[in-house]
Amino acid sequence: MTLLRSLLLRLATMAVTLFGAAVVVFFVIRVVPGNPIAMMLPPGASETDIARLSAHYGLDRSIPEQFLIWLTGVIHGDFGTSISLRQPVMPLVLGRLPATLELSIFALVIAVIIGGASALAGTLWRGTKTEAAIDVANGVGLSVPDFLWALVLILLFGVLMPIFHISGRISPSAELPFVTQFYVFESIVRLRFDLWWDLLKHMFMPALALAIPLAAIVSQLLKQSLKETMHLDYVVLARTKGYSENHVILSESLPNAVLPTLTLIGVQFTFLVGGTVIIERLFSYEGLGNMAIDAVINRDLPLIQGIVLVFALMFTLINLLVDMTYALLNPRLRHA
Amino acid sequence: MNAFLAIRNLSAILRGGSQRVLRSVDLAVEAGEVRGLVGESGAGKSMIGKAVLGILPSAVSIVEGEILLDGRNLLAMPQKERRRTIGTVAALIPQDPLTALNPSRRIGRQITDRLVDILGWTEANASARALELLDEVQIQNPQRVMASYPHELSGGMRQRVLIAAAFAANPKLIIADEPTTALDVTVQKQILKLIREMQARHGTAMLFVTHDLGVVSKVCQKLSVLYSGKVVEDRAVSEFFAEPRHAYSKALLAATPKYTDPFASLLPVDEAVIASVDAEVKAADREWRHV
């Protein structure tokens with residue numbers, strides 16, 4: 001009963017959040033300079049042409065009026081038509097979303113593996129040179145932003161040692177049997193490991209660039225939390241039971257130390273998804289972020305609104321997921 | 001001598017310092033016997049227990065001596081082997097039951113883990129054993145408690161769980177590190193009674209660390225009095241209470257509050273006695289040269 005209530009409360013909060021995001025983006029992109037109509041028409045178009053096209057897209061009305069019209073459409077599932085691409089917004093956005101989701105999740109997996117492993121190693125070898133080396137690596141990983149890592153990676157693995165692809169999502173020559181846009185997922189389901197490998201070679205560098213700063217944060221915080229548990233009574237008691245230090249860290253410390261890290265991953269993952277906008281551009285990766293930049297350049301108001309709304313929905317869903325995982329892992333919250 | 005635990009000439013220093021925190025400690029616990037280890041806060045009583053169990057804080061290092069557990073020197077073993085040896089024959093009843101159970105693991109698993117992972121029992125046997133022990137420490141509805149998490153139990157119940165966990169593995173030696181200090185007074189008596197009964201029933205040798213001479217008189221047969229990391233008196237409990245030998249022991253005994261007249265008997269240890277025992281410790285330090 002209480003579970004259902006808290007879930008409904010969360011859904012209501014999500015709806016308010018999304019509405020807020022929609023309001024902000026709708027008004028902001030209309031008050032900043034730049035006119036979508038001017039971008040569409042050739043130089044020297046007549047006043048009447050401009051007025052006619054403005055009227056066609058409803059841009060001649062007042063902003064609150066435009067908002068109401070747009071909102072009514074959204075509630076009915078109509079997100080408008082892209083001005084630059086002249087297609088309905090939602091199919092465009094949903095067509096690109098899987099690419100960005102796969103990239104973000106792959107990046108998250110890399111970050112958790114690297115960050116988790118280095119945190120465990122740093123805890124096991126605490127106070128030694130290994131831990132010092134991990135601290136230095138974390139410092140570097142944190143202080144360099146993802147788009148600079150992207151450039152470093154392009155230089156290293158795209159130019160000096162060209163083992164990964166630096167552009168696109170999949171080789172243009174590949175014949176695609178896919179029916180969904182979840183290429184990585186579908187290539188596994190269809191057992192097309194040649195395509196899967198090709199996708200991975202394209203995705204690896206942008207994912208790693210996104211993952212490095214997050215990996216550093218995860219490593220830092222998890223190692224800190226782990227070390228704090230190392231002298232707690234229940235950990236000491238486990239040592240007297242005859243367990244090795246590896247076992248003590250993994251089964252006594254980790255389940256407790258992982259909770260604060262999990263919250264942090266949730267927050268940082270939203271930043272990572274935000275980072276895909278620039279990273280996808282740098283690697284010409286056909287995702288939502290790349291589309292967002294095009295939309296902004298073209299002042300494609302309906303498309304920007306659609307993309308931002310989908311990003312906002314993603315962020316709220318991530319937060320919901322983190323809270324649910326947290327409650328699942330922490331027995332003290334299960335009955336609350 | 002048939003000592004199950006024998007500590008010989010054990011000295012420890014704080015890392016980076018030269019002051020000893022354990023001063024050539026000799027101590028033996030024979031099979032089935034309970035030895036009390038008393039002293040003031042900071043005298044090093046808990047440290048001796050921790051040294052035996054291999055859980056000294058990293059700031060403390062042992063510089064000489066032997067800890068023989070069942071005839072084998074723990075200090076000569078590599079860490080992994082030492083932990084296994086300790087886990088197989090010894091167990092700890094910790095001081096604070098509120099922090100000694102892992103908050104994210106079920107009670108049952110925290111009792112059976114050693115039985116299964118270290119001693120190689122089957123899960124079924126280990127669970128049966130855990131239920132039996134929980135029943136023995138007078139926990140109502142042990143089945144439900146096994147499935148609970150620590151935060152669902154009271155402090156007294158948690159200490160009972162920890163006692164059950166310690167005895168479950170049939171250890172030859174239990175180290176009780178001030179097991180009643182963190183509990184409130186009414187619960188203290190019950191827990192003390194429980195530990196005494198369990199010890200008698202299982203015949204487990206025990207090193208009972210406490211600052212309470214009253215507890216020693218009820219639970220222990222032998223007694224070591226510790227001052228500043230040095231054993232100043234090592235006696236049978238009955239002899240000790242009849243006629244303490246060392247001046248510090250006498251002063252300590254005199255300073256124990258008496259229930260008949262608690263306020264009049266709340267006396268600090270005589271300063272002259274402290275000065276003489278300090279001088280004794282200094283003299284021992286002068287003789288001692290650490291390698």
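The values are calculated or read from the model by the stated rules, or taken from the named source; none is laboratory data. Since we're looking at a predicted model, the values are computed, not measured. Virtual Cβ from ideal backbone geometry, glycine too; neighbours counted across all protein chains shown.
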* **Qualifying positions in segment A:58-83 - polar (S, T, N, Q) and over 19 Å from A:Ala295 (Cβ atoms)** => A:Ser62, A:Thr72
* Asked: Can you name the helices (runs of 4 or more DSSP H) wholly within segment A:1-86 that have at least 1 residues being in contact with a helix residue (DSSP H, G or I) (Cβ under 8 Å, 6 or more places away or on another chain), closer than 25 Å to A:Val310 by Cβ and outside the structural domain of A:Ile293 (by TED's automatic domain parsing)?
  -> A:2-31, A:36-40, A:63-75
* Considering only segment A:162-210, state which residues are buried (at least 19 other Cβ atoms within 10 Å of the Cβ), of a type in the set (D, E, K, R) and closer than 25 Å to A:Ile278 by Cβ. => A:Arg169, A:Asp198
* Asked: Within segment B:69-77, is there a residue that is surrounded by fewer than 21 Cβ atoms within 10 Å (Cβ to Cβ), within 25 Å of B:Leu192 (Cα to Cα) and touching a residue at least 60 places away in the same chain (Cβ under 8 Å)?
  -> no
* Structure fact -> If you go through B:Gln199, B:Gln190, the only one that is more than 14 Å from the chain's Cα centre (by Cα), outside any loop (DSSP other than H, G, I, E, B), at pLDDT 90 or above and not charged (D, E, K, R) is B:Gln190
* Check A:Val236, A:Val248, A:Val258 and return the single one that is at the interface with chain B (Cβ under 10 Å from one of its Cβ atoms), farther than 25 Å from A:Ala137 by Cβ and out of contact with any strand residue (DSSP E or B) (no Cβ under 7 Å at 6 or more places or on another chain). => A:Val236
* Qualifying residues in segment A:106-148 (those that are hydroxyl-bearing (Ser, Thr, Tyr) and more than 22 Å from the chain's Cα centre (by Cα)) - the one surrounded by the fewest Cβ atoms within 10 Å (Cβ to Cβ) -> A:Thr128
* Residues of segment A:222-233 satisfying the condition of being facing chain B (nearest Cβ under 7 Å) and part of a helix (DSSP H, G or I) -> A:Asp233
* Identify, please: which residue in segment A:261-279 is in contact (Cβ under 8 Å) with a residue 60 or more places away in the chain and of a type in the set (A, V, I, L, M) and is, among those, farthest from the other protein chains (Cβ to nearest Cβ)? -> A:Ile278
* Asked: Does B:Ala130 satisfy being within 30 Å of B:Val237 (Cβ to Cβ) and of a type in the set (Gly, Ala, Ser)?
  -> no
* Asked: Within segment B:100-115, which residues are at the interface with chain A (Cβ under 10 Å from one of its Cβ atoms), among the polar types (S, T, N, Q) and not in a loop (DSSP other than H, G, I, E, B)?
  -> B:Gln110
* Test result for B:Glu178, within 14 Å of another protein chain (Cβ to nearest Cβ), more than 16 Å from B:Ala90 (Cβ to Cβ) and in contact with a Ser or Thr (Cβ under 7 Å, 6 or more places away or on another chain) -> yes
* Asked: B:Pro97 versus (1) at the interface with another protein chain (Cβ under 8 Å from one of its Cβ atoms); (2) under 25 Å from A:Asn330 (Cα atoms); (3) out of contact with any His (no Cβ under 9 Å at 6 or more places or on another chain); (4) not in a helix (DSSP H, G or I): which is the lone unmet condition?
  -> (1)
* Structure fact -> Within segment A:229-276, residues among the charged types (D, E, K, R) and more than 18 Å from B:Ile107 (Cβ to Cβ) come out as A:Arg239, A:Glu245
* To do: State yes or no: is B:Glu33 buried (at least 18 other Cβ atoms within 10 Å of the Cβ), in contact with a strand residue (DSSP E or B) (Cβ under 7 Å, 6 or more places away or on another chain) and acidic (Asp, Glu)?
  => yes
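Let's see how each residue does on (1) under 30 Å from B:Ala59 (Cβ atoms); (2) among the hydroxyl-bearing types (Ser, Thr, Tyr); (3) modelled with pLDDT of 90 or more:
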position	(1), (2), (3)
A:Pro177	no, no, no
A:Leu195	no, no, yes
A:Met203	no, no, yes
A:Leu210	no, no, yes
A:Ser219	yes, yes, yes
A:Leu226	yes, no, yes
A:Thr229	yes, yes, yes
* Asked: Of the residues B:Ile163, B:Ile118, B:Ile191, which is under 29 Å from B:Leu56 (Cβ atoms), surrounded by 14 or more Cβ atoms within 10 Å (Cβ to Cβ) and within 11 Å of chain A (Cβ to nearest Cβ)?
  -> B:Ile118
* Asked: Taking the stated definitions as given, is B:Thr85 within 14 Å of another protein chain (Cβ to nearest Cβ), touching a residue at least 12 places away in the same chain (Cβ under 8 Å) and touching a strand residue (DSSP E or B) at 6+ places or on another chain (Cβ under 8 Å)?
  -> yes
* Which is at pLDDT below 95, within 23 Å of the chain's Cα centre (by Cα), farther than 22 Å from B:Cys220 by Cβ and among the hydrophobic types (A, V, I, L, M, F, W, C), of B:Ala169, B:Ala130? -> B:Ala169
* Structure fact -> Checking A:Ile188, A:Ile170 in turn, the sole residue that is over 30 Å from A:Pro255 (Cα atoms), touching a residue at least 12 places away in the same chain (Cβ under 8 Å) and not acidic (Asp, Glu) turns out to be A:Ile170
* Structure fact -> Flagged in segment A:289-321 as farther than 17 Å from A:Leu85 by Cβ and touching a Pro at 6+ places or on another chain (Cβ under 8 Å), in numbering order, are none
* Being out of contact with any Ser or Thr (no Cβ under 6 Å at 6 or more places or on another chain), crowded, with 19+ Cβ neighbours inside 10 Å and among the β-branched types (Val, Ile, Thr) is the filter here, so list the residues in segment B:224-259 that pass it. => B:Val232, B:Val237
* Structure fact -> Sole miss for B:Glu64 among (1) more than 10 Å from chain A (Cβ to nearest Cβ); (2) touching a residue at least 40 places away in the same chain (Cβ under 8 Å); (3) within 25 Å of B:Phe240 (Cβ to Cβ); (4) surrounded by fewer than 24 Cβ atoms within 10 Å (Cβ to Cβ) is condition (3)
* **Selected residue [within 22 Å of B:Val237 (Cα to Cα) and without any contact (Cβ under 8 Å) to a residue 60 or more places away in the chain] from B:Ala28, B:Ala6** => B:Ala28
* State the number of residues belonging to segment B:36-61 that are within 10 Å of chain A (Cβ to nearest Cβ) and loosely packed, with under 15 Cβ neighbours inside 10 Å. => 2
* Filter segment B:233-254 down to the residues that are part of a helix (DSSP H, G or I) and within 13 Å of B:Val273 (Cα to Cα), then identify the one that is modelled with the lowest pLDDT. => B:Ala254
